[in-house]
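The values are calculated or read from the model by the stated rules, or taken from the named source; none is laboratory data. Note that the structure is a prediction, hence the values are computed from the model and not measured. Ideal geometry is used to build each Cβ from the backbone, glycine not excepted, and the neighbour counts take in all protein chains shown.
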Amino acid sequence: MGDNSISALQDKIRNLLDKRNAILLAHNYQRPEVQDIADFCGDSLDLSMKASETDAEVIVFCGVYFMAETASILCPDKKVLLPISDAGCPMAGMISAGQLRKKKEEMQDDVVVISYVNTTAEVKAESDLCCTSANAVKVADSVDPVFPIFMTPDRNLAQYTIKHTDRKISYWDGYCPFHNNLTVEQAKKVKNAHPGAVFMAHPECQPGVLELADETKSTSGMIAYAANSDQREFIIGTETGILHPLSKANPGKQFFPADPNMICTDMKKTGLIETLKALETMQLEVKVPEDIRIRAKQAVDRMLAI
Ligand code: 13P
Ligand code: SF4
């Protein structure tokens, strides 16, 4: 039997990445041992940008399905591997292309559809623009005010955007089960326990929670804020995987989860063994069919251009 210690697996993965001319991209919620060997860790916007820029022939995506799809949309000539086939995003599953088409038929003709990047490629293909948690307000502001906007699937991100733009926005009733579960009561409790801490929350949290937050940020936005802040204590209102990069980059600062139960099960499915297997077998390849890719790419490109 081979050496399956963490460091041995990490070495094997790094060696195979070199051999295959592959790059490993990991989301900020991934397991610490996966993040530690990634070529790049980031939020959804960072990861899409990295995917669009890399010269590597293979992208190993340690994240969830829609992220690998976005890489495939942007890099059709590269092989995009997702180590775990059923690592999905429950919120992305809350709207299908058929449901969005039906909704569009019910709305005014001139409505501009903005889809959160946490959607399937088919849903992006039905959308005018994409956005992430880092740029939703900017993307909405880029739309000519004469046109109404429909945002999907996250009702909490949409309500946050409505608060920060004068555009007219309606939205789908989807949500992230983990962020949406952070209650106002729990947020108040943790704030009372750490009165001097800066409370940072992700825009996928409920509006009442965001009202209590000092800062509303994407995952990479939180990492940048903590690094540049003189404050020593932070309450983190997002998936707990982010505590790893935050603590690693900021020795001497303390990070408290707003709720230790905010754990995205799908983000935790990918381990080192699965990542190694993906590189050994060059499976599971995620490839968006060309007709969908071309239409979805327009929405993603419009976002990247903003
Ligand atoms: P970020 O783009 O902020 O990393 O968020 C992605 C995500 O899935 C949040 O739940
Ligand atoms: Fe989807 Fe929520 Fe998991 Fe992010 S944390 S991938 S939005 S289920």
query: Looking at (1) out of contact with any helix residue (DSSP H, G or I) (no Cβ under 7 Å at 6 or more places or on another chain); (2) more than 24 Å from Leu243 (Cα to Cα); (3) modelled with pLDDT under 95, which is the one condition that is false for Cys75?
result: (1)
- prompt: For the stretch 37-70, how many residues meet the condition of being within 19 Å of Asn21 (Cα to Cα), within 16 Å of ligand 2 (Cβ to nearest atom) and modelled with pLDDT of 95 or more?
  reply: 4
- line: Output for Cβ contacts, cut-off 6 Å, separation at least six or different chains, first residue farther than 13 Å from Tyr171 by Cβ in the stretch 86-104, second in a helix (DSSP H, G or I) and within 13 Å of ligand 2 (Cβ to nearest atom), reads Ala87/Asp266; Gly88/Tyr65; Gly88/Asp266; Cys89/Phe66; Pro90/Pro177; Ala92/Phe66
- request: Would you check which residues across the stretch 47-67 are within 23 Å of Leu276 (Cβ to Cβ), of a type in the set (A, V, I, L, M, F, W, C), within 16 Å of ligand 1 (Cβ to nearest atom) and without any contact (Cβ under 8 Å) to a residue 60 or more places away in the chain and list them?
  value: Leu47, Ala51, Met67
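For every residue, the table says whether it meets (1) more than 15 Å from ligand 1 (Cβ to nearest atom); (2) of a type outside the set (D, E, K, R).
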position	(1), (2)
Asp86	yes, no
Gly93	no, yes
Ala97	yes, yes
Glu105	yes, no
Asp109	yes, no
Val113	yes, yes
task: Looking only at the stretch 204-226, decide whether some residue is farther than 30 Å from Ser142 by Cα, more than 12 Å from ligand 2 (Cβ to nearest atom) and either of a type outside the set (Asp, Glu) or in a loop (DSSP other than H, G, I, E, B) (or both).
output: no
- line: Residue pairs qualifying under the 8 Å Cβ cut-off, at least six apart or on distinct chains, with the first in the stretch 5-31 being hydroxyl-bearing (Ser, Thr, Tyr) and modelled with pLDDT of 95 or more and the second being surrounded by fewer than 24 Cβ atoms within 10 Å (Cβ to Cβ) and not in a helix (DSSP H, G or I), are Tyr29/Glu239; Tyr29/Cys264
task: Find all pairs meeting these conditions: Cβ atoms under 8 angstrom apart; at least six residues apart or on different chains; first residue within the stretch 35-46 and free of Cβ contacts under 8 Å to residues at least 24 places away in the same chain; second residue more than 14 Å from ligand 1 (Cβ to nearest atom).
output: Asp39/Leu17; Asp39/Ile23; Asp39/Leu24; Phe40/Ile23; Phe40/Leu24
